[in-house]
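Okay, structure first, notes after.
The values are calculated or read from the model by the stated rules, or taken from the named source; none is laboratory data. From a predicted model like this one, the values you see are computed outputs, not experimental measurements. Here the Cβ positions follow ideal geometry from the backbone for every residue, glycine too, while neighbour counts run over all protein chains shown.
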Amino acid sequence: MYAELILLLSGRTLDEETAQAKSIELEAALNEPEEWMLHLDPEEIRQLTVEIAIIDYVLIGDKIDELHELISHEFAEPLKPFPTREDNEKVRVAEYFAWLDRELDARSPSWELLAWDNDIDDNLHVIIVRRSDTDNILALAGTMGLRARRATDV
């Protein structure tokens, strides 16, 4: 049952074998959560628990252009279209985050994008924060052992 749900939720991008493997992992986590948690590093648990608490503010994307759309939707006035390069090559993540940083800084109030490191998956997890709060957020996160950094440092 979970395998079918996972397959459908993935937009059918997973093959059935991968969906089945994820289903087995999910069922183990649901049936024996304490056992499942033992396989995670305490730092991973802390990071994931905080992310779950603030999930309404976390934007998650596996591709930078998709993440751009999610970020843009967070503002009453959308961002400029996803940037392109003159040589028609793909915009690199560092180039995009540098461009986005300038765009967010020009807004009032000034905003900044933080990367929220997550060892659970390969997606980009980001949070939009007031630029004036960035240093305090990073100091607090560091004190708590959480992995957050400016997106421009990715």
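For GLY142, all conditions in the list (1) under 30 Å from PRO42 (Cβ atoms); (2) at pLDDT below 95; (3) of a type outside the set (Lys, Arg); (4) not in a helix (DSSP H, G or I) hold save one; what is the number of the exception?
(4)
Just wondering, is there one or more residues in the stretch 112-129 that are in a helix (DSSP H, G or I) and among the β-branched types (Val, Ile, Thr)?
Looking through the stretch 112-129, none of the residues is in a helix (DSSP H, G or I) and among the β-branched types (Val, Ile, Thr).
Looking for whichever is loosely packed, with under 12 Cβ neighbours inside 10 Å, at pLDDT 95 or above, of a type in the set (Asp, Glu) and in the same structural domain as ILE45 (by TED's automatic domain parsing) here; the options are GLU77, GLU69. Which one fits?
GLU77
Which of the residues belonging to the stretch 23-46 are assigned to a helix (DSSP H, G or I), in contact (Cβ under 8 Å) with a residue 12 or more places away in the chain and closer than 30 Å to MET144 by Cβ?
Matches in the stretch 23-46: LEU26, GLU43, GLU44, ARG46.
Residue by residue, here is whether (1) closer than 25 Å to THR13 by Cβ; (2) at pLDDT below 95; (3) within 17 Å of the chain's Cα centre (by Cα) holds:
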residue: ILE52; (1), (2), (3): yes, yes, yes
residue: ASP87; (1), (2), (3): no, yes, no
residue: TRP99; (1), (2), (3): no, no, no
residue: VAL126; (1), (2), (3): yes, no, yes
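Being in a loop (DSSP other than H, G, I, E, B), touching a residue at least 40 places away in the same chain (Cβ under 8 Å) and under 21 Å from ILE120 (Cβ atoms) is the filter here; which residues of the stretch 57-89 pass it?
ASP62
Could you grab me the full set of residues in the stretch 128-144 that are of a type in the set (Gly, Ala, Ser) and either under 18 Å from the mean Cα position of the chain (by Cα) or surrounded by 11 or more Cβ atoms within 10 Å (Cβ to Cβ) (or both)?
Correct list: SER132, ALA141, GLY142.
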